[in-house]
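**Student:** Let me give you the structure first, and then I'll get to my questions.
The values are calculated or read from the model by the stated rules, or taken from the named source; none is laboratory data. Predicted model only: the values in this text are computed from it and were never measured. Glycine also receives a Cβ, built like all others from the backbone with ideal geometry; neighbour counts cover every protein chain displayed. What goes into the accessible areas is simple: the full protein's heavy atoms, side chains included, and nothing from ligands, DNA or RNA. Shrake-Rupley method; radii C 1.70, N 1.55, O 1.52, S 1.80 Å.
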Amino acid sequence: MIDPVTAPRVRAALDQCLQDGITLIDVDLTTVDRCDDSGLRVFLDVSERAAESQAFLLLHHPSAQTERLLMDTCSGGLLYPMKPKGARPQRA
């Protein structure tokens, strides 16, 4: 679960990727059963910062709840969740 307790650790790990110059941050959410608004905020913030440095944040295998959260907040296109069969979405 990504919630107020775990979100700071997720943010720190993703921020470290950006600081290390990684341009494709590939996050596998297979083991994450839920993500609340604090987790969403982390992904939105990091995605915005990544875009500023020509980097990308990709989320793979979100749970049904997480995917619904992304879609309900119009964040699905911003965060590029994986499409079925592993096809990568294209940036608009």
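**Student:** Modelling each spin label as a point 7 Å along the Cα-to-Cβ direction, I'd like the Ser38/His60 distance in nm, to one decimal.
**Tutor:** Output for this residue pair reads 2.7 nm.
**Student:** Still on this structure: Stretch Arg68-Val5 to full length: gain in nm at 0.36 nm per residue minus the Cα-Cα span?
**Tutor:** Between Arg68 and Val5, full extension yields 20.5 nm more.
**Student:** Within the range 1-60, which trypsin sites (Lys or Arg not before Pro) sit in a loop by DSSP and count at most 14 neighbouring Cβ atoms inside 10 Å?
**Tutor:** On the way: sites: Arg9, Arg11, Arg34, Arg41, Arg49; in loops: Arg34.
Here the trypsin sites (Lys or Arg not before Pro) that fit, given the DSSP loop and packing criteria, are Arg34.
**Student:** Ok, one more. What does the accessible area of Ile2 come to, in Å² to the nearest 10, when a probe of 1.4 Å is used?
**Tutor:** Only protein atoms counted, so the area is about 10 Å².
**Student:** Tell me the per residue accessible area of the range 1-75 using a 1.4 Å probe; a whole number in Å² is fine.
**Tutor:** 57 Å²
**Student:** When the accessible area of the range 20-77 is split by element with a 1.4 Å probe, what percent falls to carbon and sulfur?
**Tutor:** Solvent-exposed carbon and sulfur of the range 20-77 make up 51 percent of the total.
**Student:** Enter the accessible area of Met71 (Å², nearest 10), with the probe set to 1.4 Å and all protein chains included.
**Tutor:** For Met71, solvent-accessible area is about 100 Å².
**Student:** Which residues in the range 42-75 have a backbone N closer than 15 Å to a point placed 7 Å from the Cα of Asp15 along the Cα-to-Cβ line?
**Tutor:** 42-50
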